[in-house]
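Some notes on the structure that comes next.
Throughout, read-outs are computed from the coordinates displayed, never taken from laboratory work. Keep in mind it's a predicted model, so treat the numbers as computed, not measured. Quick reminder, even Gly has a Cβ in these numbers, built from the backbone with ideal geometry, and neighbours come from all protein chains shown.
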Amino acid sequence: DAKTTQPPSMDCAEGRAANLPCNHSTISGNEYVYWYRQIHSQGPQYIIHGLKNNETNEMASLIITEDRKSSTLILPHATLRDTAVYYCIVRVTGSARQLTFGSGTQLTVLP
Amino acid sequence: NAGVTQTPKFQVLKTGQSMTLQCAQDMNHEYMSWYRQDPGMGLRLIHYSVGAGITDQGEVPNGYNVSRSTTEDFPLRLLSAAPSQTSVYFCASRPGGTGELFFGEGSRLTVL
């Protein structure tokens, strides 16, 4: 699975959009990009995933660059409850291999 | 649905003791896995299973055993606990394909 690089921490004002970047320059054509988050010491929570098209769900939007070497997770209106560690992961579709988590980005939403 | 259930939530062991962390899922998921998370760190994969009767090692398998006799259950055994195994343990499951991982609430283990 391709390695990902994320900034260790970011701040965002409450009500503003939070844009979390992820670099995955060695991603291959059959690898999906997944985003999870972990609030306090709870189990990680799935947010969204995509292959090459932009994706949106009720939680967030995922923007993947055309060359697929980087992506951005967008939380459109961040709230204090969005304060968490956000993990960007790439994985081959159908792979039996389980997700490998890096260190992630600590997002702090400020009042 | 209960989702992924882990027991116990908290456990204190003495060095050399053995114990089993239980994990059960009621979503009929093929894949199950165990992760550990040390303070301030990301999750590291210990063992995983792609179906009943099939298990494989992850990044940090030493000191742990697993088995998968049913689709629902995936227990993690610590054979002889060491202080280095003090951590939070998460069990997760997912369906096949591109399915998302569902995590349990974690089991917090302290080895003295």
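With K and R counted +1 and D and E -1, the other residues having a Cβ less than 15 Å from that of A:Ile74 yield a net charge of -1.
Would you tell me the mean number of C-beta atoms belonging to other protein chains that fall within 10 Å of each C-beta in B:34-40, as a whole number? Kindly include the intermediate steps, with their values, before the conclusion.
On the way: counts 1, 6, 0, 5, 0, 1, 3.
Mean inter-chain Cβ contacts per residue within 10 Å come to 2.
Partner lysines whose Cα lies under 18 Å from the Cα of A:Lys69, excluding those fewer than 8 positions away in the same chain, are identified as A:Lys3, A:Lys52. With +1 on each Lys and Arg Cβ and -1 on each Asp and Glu Cβ, and nothing else charged, work out how big the dipole of chain A is about its Cα centre, in Debye to the nearest 20. Rounded to the nearest 20 debye, it is 220 debye. If I take every Cα pair under 8 Å that is 6 or more residues apart in chain A, average their sequence separation and divide by the length, what percent do I get for the relative contact order? About 37 percent, as a whole number. In this Cβ point-charge picture (+1 for Lys and Arg, -1 for Asp and Glu), chain B has a dipole of about 400 debye about its Cα centre. Cysteine residues of the protein assembly as shown whose C-beta has no other cysteine C-beta under 4.7 angstrom: A:Cys12.
Just tell me how shielded A:31-43 is by partners: mean number of partner chain Cβ atoms within 10 Å of each residue's Cβ, no decimals.
Working: counts 0, 1, 0, 3, 0, 4, 0, 5, 0, 0, 7, 5, 16.
What the average comes to for A:31-43 is 3.
Based on Cα contacts under 8 Å between residues 6+ apart, chain B shows a relative contact order of 36 percent. Quick one: Debye curve from the alpha-carbon atoms of chain A only, equal weights, vacuum; give me log10 I(q)/I(0) at q = 0.15, 0.17, 0.23 Å⁻¹ to two decimals. Ignoring solvent entirely, the Cα scatterers give -0.58, -0.75, -1.33.
Calculate, in whole percent, how much of the Cα-Cα pair population of the protein assembly as shown lies beyond 22 Å. Each step should come with its number before you reach the end.
Values: 12773 of 24753 pairs.
Everything past 22 Å amounts to 52 percent.
Note on B:Glu59 and A:Lys3: the model spin-label points, each 7 Å out from Cα along the C-beta direction, lie 1.2 nm apart.
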